[in-house]
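K.L.:
This is the structure, below, for whatever I ask next.
The values are calculated or read from the model by the stated rules, or taken from the named source; none is laboratory data. Bear in mind the structure is a predicted one, so any value in this text is a computation, not a measurement. As a convention, Cβ positions derive from the backbone with ideal geometry for all residues, glycine included, and neighbour counts pool all protein chains shown.
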Amino acid sequence: MLFDSHMRTLLAASAALVNALTDGEAHGRRYLAPDGAERIGAIRAALSAGEAGEAGAAPGPDEADRLADTARTLRAVFEAADADRLDDAAAALNALLRETGAHPQLGRAPGRPWRVHFHGADDSFATDWSAGCATGLAMTLGGDHAGRLGVCAAARCDRVYVDTSRNAGRQFCSTACQNRAKAAAFRARRTGGEA
């Protein structure tokens, strides 16, 4: 699956924010999303990790709370897409697009080519990231790529991912979860074979 670099950034940021800012299970353990100053640090880490690129300025506490709300909405989108409930995913994204006032705009860094970016109506840190993530996911769903949005198939893990592989065969949020699932399947086969 070939997404352009900006689309990859938005999709990676969407998954990273969901995984950092929503409660659930991660890699076989209970996960509680951080709050307060830890939430701000988690947002900076999520937006600067991997394909999400550089986060830029740090959000304030109110903006961190807004991004946590966005992350919960984005989780619902990933879960709905993973369960092939595309009407639910589209409804959640449409509401977020309206709420943020997402609109396309051409922009570029010095010496770089022009790119289409998506900003919110008020251009705050939280609204811009919320609008961009919602637009990236909307373009994925609207481009018939909803199957590329997933929730980890490993036991006791509900972290999300965007499948950018060529064969659309990804099922796990990480190699660690893939290895845990393979080890559990091996133990189950071994136990079943001895009986």
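K.L.:
Which of the residues spanning the stretch 80-92 are assigned to a helix (DSSP H, G or I) and in contact with a Gly (Cβ under 9 Å, 6 or more places away or on another chain)?
P.N.:
Result: Ala81, Asp82, Ala90.
K.L.:
I'm trying to understand the selection: among the residues of the stretch 165-195, which are touching a residue at least 24 places away in the same chain (Cβ under 8 Å) and surrounded by fewer than 16 Cβ atoms within 10 Å (Cβ to Cβ)?
P.N.:
Listed by number, the residues that qualify are Ser165, Arg166, Ala168, Ala176, Ala184.
K.L.:
Then there is this: Return only the number of the condition from (1) in contact (Cβ under 8 Å) with a residue 60 or more places away in the chain; (2) in contact with a Ser or Thr (Cβ under 6 Å, 6 or more places away or on another chain) that Val116 does not satisfy.
P.N.:
Single failed check for Val116: (2).
K.L.:
Then there's this: Considering only the stretch 137-160, how many residues are crowded, with 24+ Cβ neighbours inside 10 Å and either hydroxyl-bearing (Ser, Thr, Tyr) or in a helix (DSSP H, G or I) (or both)?
P.N.:
Residues flagged as crowded, with 24+ Cβ neighbours inside 10 Å and either hydroxyl-bearing (Ser, Thr, Tyr) or in a helix (DSSP H, G or I) (or both) within the stretch 137-160 amount to 2.
Every residue, every condition in (1) under 20 Å from the mean Cα position of the chain (by Cα); (2) loosely packed, with under 12 Cβ neighbours inside 10 Å; (3) of a type in the set (Asp, Glu), yes or no:
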| site | (1), (2), (3) |
| --- | --- |
| Ala91 | yes, no, no |
| Leu106 | no, yes, no |
| Arg115 | no, no, no |
| His119 | yes, no, no |
| Ala126 | yes, no, no |
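K.L.:
Only residues that are of a type in the set (Ser, Thr, Tyr) and in a helix (DSSP H, G or I): list them for the stretch 113-136, please.
P.N.:
Within the stretch 113-136, Thr127, Ser130, Thr135 qualify.
K.L.:
Report, by residue number, each residue of the stretch 128-145 that is under 16 Å from Leu97 (Cβ atoms) and either of a type in the set (S, T, N, Q) or over 12 Å from the mean Cα position of the chain (by Cα) (or both).
P.N.:
Asp128, Ser130, Ala131, Thr135, Ala138, Met139, Thr140, Leu141, Gly142, Gly143
K.L.:
So for the stretch 163-171 (the condition being closer than 18 Å to Gly24 by Cβ, outside any helix (DSSP H, G or I), under 17 Å from the mean Cα position of the chain (by Cα) and not basic (Lys, Arg)), does at least one residue qualify?
P.N.:
Checking the stretch 163-171: at least one residue is closer than 18 Å to Gly24 by Cβ, outside any helix (DSSP H, G or I), under 17 Å from the mean Cα position of the chain (by Cα) and not basic (Lys, Arg).
K.L.:
Among the residues of the stretch 1-46 satisfying the criterion of being surrounded by 15 or more Cβ atoms within 10 Å (Cβ to Cβ) and charged (D, E, K, R), which is modelled with the lowest pLDDT?
P.N.:
Here the answer is Arg8.
K.L.:
Also, quick follow-up: So which residues in the stretch 79-89 are in contact with a helix residue (DSSP H, G or I) (Cβ under 7 Å, 6 or more places away or on another chain), of a type outside the set (D, E, K, R) and surrounded by fewer than 18 Cβ atoms within 10 Å (Cβ to Cβ), if there are any at all?
P.N.:
Leu86
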